Amino acid sequence: MASLRATFSKSKIELDIDGLSAHQVRLIKKLNHIVQLAITTRYEDEFFESSAELIKTCASIIKQSDFTKHSNGIYTDQALEYATDLLEDIIAEKKVVKYDN
């Protein structure tokens, strides 16, 4: 009988948390987890849910950024609307944006 062995490989991501609140660090950890789930799942429902959660978490990060706090939040909605417009353009183009080195 063949032996089944799971192989795990990890890449360590270092993050300079100087100046970040504990909540901001938790948001980044959550984002990291959701990204991993969204790109590795093989299940349709999990793919849709993790994709939606990814976008919601990014919006939450933007809403809780230091810039938003220092500007009294007057640009938060505009920044999210701008990001949404760019996202809609990417969806309409039906192209994949690649960030290869």
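Every number here is computed from the coordinates shown, using simple stated rules; none is lab data. Values in this document were obtained by computation on a predicted structure and should not be read as measured data. Using ideal geometry, Cβ is built from the backbone for each residue, glycine included, and neighbour counts are taken over all protein chains shown.
Work out, step by step, the length gained on full extension between residue 20 and residue 93: first 0.36 nm times the residue separation, then minus their alpha carbon distance; give nm to one decimal.
Working it through step by step, the gained length comes to 22.7 nm.
To the nearest 20 Debye, how big is the dipole of the range 22-93 about its Cα centre, given +1 on the beta carbon of each Lys and Arg and -1 on that of each Asp and Glu?
Dipole about the Cα centre, nearest 20: 600 debye.
What's the lysine pair count for the chain at a Cα cut-off below 29 Å, pairs eight or more apart or interchain?
27
Restricting things to alpha carbons, tell me how big the range 22-93 is in terms of Rg and Dmax, in Å.
Final numbers for Rg and Dmax: 13.9, 42 Å.
Does the range 13-55 come out rounded, prolate or oblate, given a ≥ b ≥ c as the square roots of the eigenvalues of its C-alpha gyration tensor, rounded meaning a/c under 1.5 and, failing that, prolate meaning a/b above b/c?
Taking the square roots of the gyration eigenvalues as a ≥ b ≥ c, the range 13-55 is prolate.
Add -39500 (n - 2.57) for each DSSP H run of 4 or more in the chain, then divide by its residues: what number comes out at 222 nm, to the nearest 500 deg cm²/dmol?
Helix-only estimate at 222 nm: -20000 deg cm²/dmol.
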